[in-house]
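Asks: Structure below; questions to follow.
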Amino acid sequence: MISCEKASTICNKKQYKEATLLEQIKFGIHLLFCKACAAFSKKNKKLTILCDKANLHNLSEQEKEKMKVKIELNS
Amino acid sequence: MTENSLNPASWVDKYADYLFNYAVVRVSDAEIAKDLVQETFLAALKSAKNYQGAASERTWLIAILKRKVIDYYRKINSKKGKAEVRINYSSQSDSAGDWLEENVADPFSTLENDQIENAELGQAIQECISKLPKKQSAVFVMKTIRGLSTEDICNELGINPSNLWVMVHRARTNLMGCLNENWFKL
């Protein structure tokens, strides 16, 4: 039996495909009788889908550093 | 409300990703988008004395970036003819002589909206990320957007995995709440 706290961690790991098979089975059983975690899992999945859909981009740290240097030179 | 003021030293940390995302969906090229963001910062510095504090820093920067994006499209379309849209009969032999109506976009299709919606969604998510506490956003960005492995992030930030998952959990719950308010209830 696992606690809700553990279940939520597994749920988060699942979003990044890092949960082991054993964890996933434990999580599945937990979801059967825990409404709260089931709801959380549903929302969590939705967030993952949204993030994928938005196709987010970020600048790398080096590029940011370069920008900072340029700003300082010009200010 | 307090008077808005400019703080160029913190621009990159606070707004670079937000501006970059804004640019990248509009010019669909990461390199060009990066240059535009850079130009925006420089232009902002130059005209900093004109900033009156009426809008927030971010709104002001976005306004400059918007002009930069427009300028970019003007530049690549500098020859007048390039900007014209020409519709010709299809030259392929099997559809030659078909009417123009068949080339017009389907008015009942909603597929075209998807891209616009996704761009706005990206904006909303980025905004929510920028509201997170610094540590949480760092972990979330590394994990979700840059797709780094758990091990790499732990090494870089000097934390242990269970610590990382707690941070991810908090970031995700915050984001859910934020998106619930800013995205689903619009």
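Asks: Between the range B:48-67 and the range A:44-62, what's the alpha-carbon centroid distance in Å?
Replies: Result: 26 Å between the Cα centres.
Asks: Rank these for me by crowding, A:Tyr16, B:Tyr73, going from fewest to most other beta carbons within 10 Å. Don't skip to the end; give the middle numbers.
Replies: Details: A:Tyr16 15, B:Tyr73 11.
Going from sparsest to densest Cβ surroundings: B:Tyr73, A:Tyr16.
Asks: For B:Asn182, project a label point 7 Å along Cα to C-beta. Then give me every residue of the range B:9-36 with its amide nitrogen under 11 Å of that point.
Replies: Flagged as within label range: B:18.
Asks: Treat the count of other C-beta atoms within 10 Å as a stand-in for reagent exposure and order B:Ile153, A:Ile10, A:Ile2 from fewest to most.
Replies: On the way: B:Ile153 19, A:Ile10 22, A:Ile2 15.
Listed from fewest to most nearby Cβ atoms, that is A:Ile2, B:Ile153, A:Ile10.
Asks: Separate question: With each label point set 7 Å from Cα along the Cα-Cβ vector, what nm distance links A:Glu65 and B:Lys66?
Replies: 3.5
Asks: Please report the relative contact order for chain A, taking Cα pairs under 8 Å with a sequence separation of at least 6, and give it as a percent rounded to a whole number.
Replies: Numbers: 29 pairs, mean separation 21.7, N = 75.
This gives 29 percent for chain A.
Asks: Return one number: the angle in degrees, 0 to 90 and rounded to the nearest 10, between the long axis of the Cα atoms of helix A:61-74 and the longest principal axis of the Cα atoms of chain A.
Replies: It is inclined by approximately 30 degrees.
Asks: I need the peptides B:54-66, B:29-41 ranked by packing, meaning the mean over residues of other C-beta atoms within 10 angstrom, with the highest value on top.
Replies: B:29-41, B:54-66
Asks: Moving on. Can you put B:Arg74, B:Arg26 in order, fewest other beta carbons within 10 Å first? Write out the running numbers ahead of the final one.
Replies: Values: B:Arg74 10, B:Arg26 19.
If I rank by nearby Cβ atoms, fewest first, I get B:Arg74, B:Arg26.
Laboratory data are not the source of any read-out in this text; all were calculated from the coordinates shown. Since this is a predicted model, take the numbers as computed values, not measurements. With ideal geometry, Cβ positions are generated from the backbone for all residues, glycine too; neighbour counts draw on all protein chains shown.
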